[in-house]
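Engineer: Take this structure first; my questions come after.
Every number here is computed from the coordinates shown, using simple stated rules; none is lab data. Just so we're clear, the structure is a prediction, and the values are computed from it rather than from any experiment. Every residue, glycine as well, gets a Cβ built from its backbone with ideal geometry; the counts of neighbours run over all protein chains shown.
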Amino acid sequence: MRHRLSSGSPLPLGATPGRRGTNFALACEHGERVELCLFDPAGETELERIRLPEQTNGVWHGHIAGIRAGQRYGYRVYGPYDPLCGHRFNHHKLLVDPYARAIDRRFRLARAMFG
């Protein structure tokens, strides 16, 4: 499944659905790359990864045509791993959108999430 991608807007933050698709915006000043991961309706299988094309004043953003409200998604963020400077980027970890308006399941916290 390939979606049409455009630069979108850095504001508002989060996922903002519209008539033609959804704008995704994530504040991440020190990130070097942000990938949007789209999942099946059950939220179990990753269907596609889309690299957000733009960064404006520390906000990564992109508009994805055809994406509607209710789409399950997460982010993978690439960047430095330097805990002394407060940077713990790890693109192997799927991140929840901190601006999400709803989350459809409980979190299961594990020690590995904090390293």
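Engineer: Compute the longest continuous run of the chain that contains no exposed chymotrypsin sites (Phe, Trp or Tyr not before Pro); treat a site as exposed when its DSSP state is not H, G, I, E or B and it has at most 14 other Cβ atoms within 10 Å.
Structural biologist: Values: sites that count: Tyr99, Phe107.
That gives 1-98 as the longest site-free run.
Engineer: Taking P(r) over Cα pairs in 5 Å bins from 0, in percent as the quantity of interest, determine which of (i) 2, 9, 11, 12, 13, 12, 10, 7, 4, 4, 4, 6, 4, 2, 0; (ii) 2, 11, 21, 25, 20, 12, 6, 2, 0; (iii) 2, 10, 16, 15, 9, 5, 4, 4, 3, 3, 5, 6, 6, 5, 4, 2, 1, 0, 0 was computed from the displayed structure.
Structural biologist: Recomputing P(r) over Cα pairs in 5 Å bins from 0, in percent here gives the entry labelled (ii).
Engineer: If you rank Thr45, Thr56, Thr16, Thr22 by fewest surrounding Cβ atoms within 10 Å, what's the result? List each step's numbers first, then the result.
Structural biologist: On the way: Thr45 10, Thr56 13, Thr16 18, Thr22 22.
Ordered by Cβ neighbours within 10 Å, fewest first: Thr45, Thr56, Thr16, Thr22.
Engineer: Now a separate question. Please check the chain for the longest run free of trypsin sites (Lys or Arg not before Pro) that are loop-located per DSSP (anything but H, G, I, E, B) and have at most 14 other Cβ atoms within 10 Å.
Structural biologist: On the way: sites that count: Arg2, Arg4, Arg19, Arg20, Arg68, Lys93, Arg101, Arg105, Arg106, Arg108.
The segment 21-67 is the longest one with no such site.
Engineer: Work out which GluC sites (Glu not before Pro) in the chain are exposed loop sites (DSSP not H, G, I, E or B, at most 14 other Cβ within 10 Å) and give the longest gap free of them.
Structural biologist: Details: sites that count: Glu29, Glu32, Glu44.
Segment 45-115 is the longest.
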